[in-house]
Amino acid sequence: MSKPYVITIAREYGSGGRTIGEMLSQKLGIGYYDKNIIRMASEDSGIHETLFGRVDEYTSAKPSIFSKSGIYTGELVPPESKDFTSDLNLFNYQAKIIKELADRESCVIIGRCSNFVLNIRDYPRVLRVFVHASWDFRMQEAAKKLSKSPREIERFMKADDKRKMEYCRRFTGKDWTDPANYDLWLDTSIRGYDGCLEEIEKHYEILKQEI
């Protein structure tokens, strides 16, 4: 059985990161996991999907779950515990699914701090990608999906950037937009979707040859 290799993609809204992930999945013939990780975590834990969605949407104004060391342990608490549906436990169940996927199959995983969950020390066969773009490009792409005015789209994207930044800081203690946390940092407004796809493919093949 061949070793599994994983591509994680963190992305700004409107940058096309999700589309690139779908393109990679189809071209490489490997699995694609995004919000379905919530469903899988719900099935595994028995906790309703809506509670997982709550953690995604409401992380502002909450203190970091990490100590100064910033060490992530991923420990799960039992159903009888009062903390069974705590934000940390909900995050850890998603992390559990992400780790199981990485151990089992080659795939593309979108968001969910998967680049931090699959840390370099324990998961060397992971390519960690961040996809971003210029503000104008993101506005144009977002307008194709959102039935909102330009001002509403701008407010939505700023709020989404803030949410992702806070989510990452709260559950990993790390900076979501720090290039040091990724192997590839790609700008779709410069490279285009096909250019980013080609660059990721190239580094993916290099990774498979090296490890």
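The values are calculated or read from the model by the stated rules, or taken from the named source; none is laboratory data. All values derive from a computational prediction rather than experimental measurement. Here the Cβ positions follow ideal geometry from the backbone for every residue, glycine too, while neighbour counts run over all protein chains shown.
Would you point out which residue out of Val117, Val126, Val108 is touching a Lys or Arg at 6+ places or on another chain (Cβ under 7 Å) and either under 21 Å from Ser25 (Cα atoms) or surrounded by fewer than 21 Cβ atoms within 10 Å (Cβ to Cβ) (or both)?
After ruling out the rest, the residue left standing is Val117.
Would you be able to say whether some residue in the range 176-190 is within 17 Å of the chain's Cα centre (by Cα) and without any contact (Cβ under 8 Å) to a residue 40 or more places away in the chain?
Yes, there is a match, as at least one residue in the range 176-190 is within 17 Å of the chain's Cα centre (by Cα) and without any contact (Cβ under 8 Å) to a residue 40 or more places away in the chain.
Step by step: first the residues of the range 35-62, then only those that are at pLDDT 90 or above and buried (at least 16 other Cβ atoms within 10 Å of the Cβ), then the one that is farthest from Phe84 (Cα to Cα). Which residue is that?
Selected residue: Ile37.
With (1) out of contact with any Ser or Thr (no Cβ under 7 Å at 6 or more places or on another chain); (2) of a type in the set (Ser, Thr, Tyr); (3) within 30 Å of Lys208 (Cβ to Cβ) as the list, and Tyr93 as the residue in question, which single condition is left unmet?
Evaluating Tyr93 over (1) out of contact with any Ser or Thr (no Cβ under 7 Å at 6 or more places or on another chain); (2) of a type in the set (Ser, Thr, Tyr); (3) within 30 Å of Lys208 (Cβ to Cβ) leaves (1) as the failure.
What is the number of the single condition among (1) surrounded by fewer than 18 Cβ atoms within 10 Å (Cβ to Cβ); (2) in contact with a helix residue (DSSP H, G or I) (Cβ under 9 Å, 6 or more places away or on another chain) that Ile206 does not meet?
It fails just one condition, (2).
Looking at the range 120-134, is at least one residue assigned to a helix (DSSP H, G or I) and closer than 26 Å to Ile200 by Cα?
We begin by selecting, within the range 120-134, every residue assigned to a helix (DSSP H, G or I); these are none.
No, the conditions are met nowhere in the range 120-134.
Hey, can you tell me all the residues within the range 191-211 that are touching a residue at least 60 places away in the same chain (Cβ under 8 Å) and not in a loop (DSSP other than H, G, I, E, B)? Steps first, please.
Let us first name the residues in the range 191-211 that are touching a residue at least 60 places away in the same chain (Cβ under 8 Å), namely 193, 196-197, 200-201, 203-204, 207-208, 211.
Scanning the range 191-211 gives Tyr193, Cys196, Leu197, Ile200, Glu201, His203, Tyr204, Leu207, Lys208.
For the subset of the range 125-153 comprising residues that are among the basic types (Lys, Arg) and touching a strand residue (DSSP E or B) at 6+ places or on another chain (Cβ under 8 Å), which member is modelled with the highest pLDDT?
Residues of the range 125-153 among the basic types (Lys, Arg): 125, 128, 138, 144-145, 148, 151.
Among the residues that remain, those that are also touching a strand residue (DSSP E or B) at 6+ places or on another chain (Cβ under 8 Å) are: 125, 128.
Details: Arg125: 95, Arg128: 98.
Per the stated criteria, the residue is Arg128.
Quick check on Lys82: is it out of contact with any strand residue (DSSP E or B) (no Cβ under 9 Å at 6 or more places or on another chain), surrounded by fewer than 17 Cβ atoms within 10 Å (Cβ to Cβ), assigned to a loop (DSSP other than H, G, I, E, B) and of a type in the set (Lys, Arg)? Walk me through how you get there before you give the answer.
On the way: out of contact with any strand residue (DSSP E or B) (no Cβ under 9 Å at 6 or more places or on another chain): yes; surrounded by fewer than 17 Cβ atoms within 10 Å (Cβ to Cβ): yes; assigned to a loop (DSSP other than H, G, I, E, B): yes; of a type in the set (Lys, Arg): yes.
Here the answer is yes, as Lys82 does meet what is asked.
Out of (1) of a type in the set (D, E, K, R); (2) farther than 23 Å from Arg169 by Cα; (3) buried (at least 21 other Cβ atoms within 10 Å of the Cβ), the odd one out for Asp136 is which?
(3)
Conditions tested, residue by residue: (1) surrounded by fewer than 19 Cβ atoms within 10 Å (Cβ to Cβ); (2) out of contact with any Lys or Arg (no Cβ under 7 Å at 6 or more places or on another chain); (3) of a type in the set (Lys, Arg); (4) assigned to a helix (DSSP H, G or I).
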residue	(1), (2), (3), (4)
Lys3	yes, no, yes, no
Thr8	no, no, no, no
Met23	no, yes, no, yes
Lys27	yes, yes, yes, yes
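How do the pairs read when you match residues in the range 146-160 that are outside any helix (DSSP H, G or I) with residues anywhere that are surrounded by 12 or more Cβ atoms within 10 Å (Cβ to Cβ), using Cβ under 6 Å and keeping only pairs 6 or more apart or on different chains?
Leu146/Ile153
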